Amino acid sequence: MTRNEERMIEIKVRFWTGEISRTKGTVEPRHCWDAGTVGIKPNKLHGIKWQKSIPFNSLMGISQAVEMMLVRAGIRIHKGKITKKYIESNREHGSK
């Protein structure tokens with residue numbers, strides 16, 4: 001692992017591919033279901049240990065599974081510039 005890779009937190013998204021092919025025991029290249037699992041790579045620098053993967057059942061569920069994985073691993077998420085700008089913009093217009 002390179003120095004820059006150690007500084008990053010890596011999430012892995014995997015999609016199920018079973019039972020798509022019409023021929024039993026084979027896979028259909030470049031085809032997958034819209035469901036799978038989210039995992040996190042252990043990282044000594046950040047103190048991240050192996051975690052059991054979290055399943056998702058649709059593409060819309062990926063972001064929730066990623067968030068759940070980060071929380072489970074004890075990772076604190078900080079808002080970036082774009083998110084802060086969006087939140088501040090909404091506050092100016094009376095939204096919460």
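Please verify whether the range 67-84 includes one or more residues that are charged (D, E, K, R), in a loop (DSSP other than H, G, I, E, B) and under 15 Å from the mean Cα position of the chain (by Cα).
For the range 67-84, residues charged (D, E, K, R), in a loop (DSSP other than H, G, I, E, B) and under 15 Å from the mean Cα position of the chain (by Cα): present.
This table checks each residue for (1) of a type outside the set (Val, Ile, Thr); (2) in contact with a Phe, Trp or Tyr (Cβ under 8 Å, 6 or more places away or on another chain); (3) on the phi < 0 side of the Ramachandran plot.
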site	(1), (2), (3)
Ile20	no, yes, yes
Arg30	yes, no, no
Asp34	yes, yes, yes
Gly39	yes, no, yes
His78	yes, no, yes
Ile82	no, no, yes
**Complete:** In the range 1-56, anything under 16 Å from Ile75 (Cβ atoms) and either assigned to a strand (DSSP E or B) or among the aromatic types (Phe, Trp, Tyr) (or both) is listed as Ile11, Lys12, Val38, Gly39, Ile40, Asn43, Ile48, Trp50, Ile54
**Asked** Of all the residues that make up the range 33-55, how many are β-branched (Val, Ile, Thr) and more than 15 Å from Arg14 (Cα to Cα)?
**Response** 1
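Quick grid of which residues meet (1) in contact with a helix residue (DSSP H, G or I) (Cβ under 9 Å, 6 or more places away or on another chain); (2) touching a residue at least 24 places away in the same chain (Cβ under 8 Å):
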| position | (1), (2) |
| --- | --- |
| Asp34 | yes, yes |
| Gly39 | yes, yes |
| Ile48 | no, yes |
| Gln51 | yes, no |
| Pro55 | yes, no |
| Ser58 | no, yes |
| Glu67 | no, no |
| Lys79 | yes, no |
**Prompt:** What is the number of the single condition among (1) in contact with an Asp or Glu (Cβ under 8 Å, 6 or more places away or on another chain); (2) of a type outside the set (D, E, K, R); (3) at pLDDT 95 or above that Leu45 does not meet?
**Reply:** (3)
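The values are calculated or read from the model by the stated rules, or taken from the named source; none is laboratory data. Here the structure is a predicted model, which is why all the values come from computation and not from measurement. Glycine also receives a Cβ, built like all others from the backbone with ideal geometry; neighbour counts cover every protein chain displayed.
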